[in-house]
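In what follows, a structure is listed as structure tokens, so that the remarks can point back to it.
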Amino acid sequence: MARWEPNARERLSKAALELFQERGFDETAVADIAERAGLTERTFFRYFADKREVLFGGSSELHDLLIGSIATAPATAGPLETVAVALQASAAMFEERRKFAKVRQAVISAHPALRERELIKLVSLAEAMAEALQRRGVAEPAAALAAEAGMSVFKLAFARWTEDDEQPLSRHLREAMEQLKSLTAGSGGPSRSGRGRRAAPRRRPAARSRER
């Protein structure tokens with residue numbers, strides 16, 4: 001019978017991120033992660049299929065949360081509003097893992113293969129959200145457009161959030177969605193600082209000298 005190790009998953013995740021930062025993703029082996037966590041390789045594979053899963057293991061949880069939130073959104077909500085509700089529902093999950101998310105993003109950004117996998121994951125989420133919208137009665141291509149737009153909002157908000165130590169993800173999501181709505185409404189929307197560019201003052205034509 002396998003020996004139970006308290007907080008094994010958390011210990012392995014923490015050790016992996018530390019080593020990814022210190023040595024790089026490619027230079028870190030599963031054996032190194034297990035040793036840093038004070039566990040065995042066998043224990044590692046009990047929780048993760050490989051070392052990439054330390055970074056992407058929460059994808060199914062995010063998928064279920066987004067799809068469930070779309071299904072339970074108010075019946076009167078339009079497609080984009082429904083997507084916004086789902087994105088806001090995911091914010092709390094990420095806030096609980098803010099430190100992990102920031103380090104994870106830095107590791108992924110530094111590794112091309114991991115960036116590619118992250119993009120594939122986001123595409124898969126957008127497709128699942130589009131299918132969930134269709135089950136609510138949203139026709140194509142509106143369902144796909146709303147889901148893709150939502151993923152663009154999420155990517156922008158998430159990137160800003162990982163660089164921000166103060167504002168919550170929910171605020172960045174709300175601001176990014178407002179900017180999208182302003183853009184589709186035909187206005188450029190406010191700048192990130194909340195102040196648009198001021199138009200250059202119009203020069204008055206020089207006064208003509210009066211003939212005496």
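Miscellaneous remarks
- Flag if E148 is assigned by TED's automatic domain parsing to the domain that holds I67, of a type outside the set (S, T, Y), free of Cβ contacts under 8 Å to residues at least 24 places away in the same chain and under 21 Å from T72 (Cα atoms): yes
- Residue match in the range 39-58 (condition: part of a loop (DSSP other than H, G, I, E, B) and over 26 Å from L119 (Cα atoms)): yes
- Residue under evaluation D26, criteria (1) within 20 Å of M151 (Cα to Cα); (2) surrounded by fewer than 19 Cβ atoms within 10 Å (Cβ to Cβ); (3) touching a residue at least 60 places away in the same chain (Cβ under 8 Å), criterion not met: (1)
- Residue within the range 72-83 that is aliphatic (A, V, I, L, M), loosely packed, with under 13 Cβ neighbours inside 10 Å and in a helix (DSSP H, G or I) present: no
- The set of residues in the range 152-167 being part of a helix (DSSP H, G or I) and either surrounded by fewer than 18 Cβ atoms within 10 Å (Cβ to Cβ) or touching a Gly at 6+ places or on another chain (Cβ under 8 Å) (or both) consists of S152, K155, L156, A159, R160.
- Filter result for E22 (at pLDDT 95 or above and more than 18 Å from the chain's Cα centre (by Cα)): no
- Filter result for E10 (out of contact with any Ser or Thr (no Cβ under 7 Å at 6 or more places or on another chain), assigned to a helix (DSSP H, G or I), closer than 22 Å to A110 by Cα and at pLDDT below 95): no
- Yes/no for L125 being under 12 Å from the mean Cα position of the chain (by Cα) and outside the structural domain of E22 (by TED's automatic domain parsing): yes
The values are calculated or read from the model by the stated rules, or taken from the named source; none is laboratory data. Computed from a predicted structure; not experimentally measured. Neighbour counts are summed over all protein chains in view; Cβ atoms, including those assigned to glycine, are modelled from backbone coordinates with ideal geometry.
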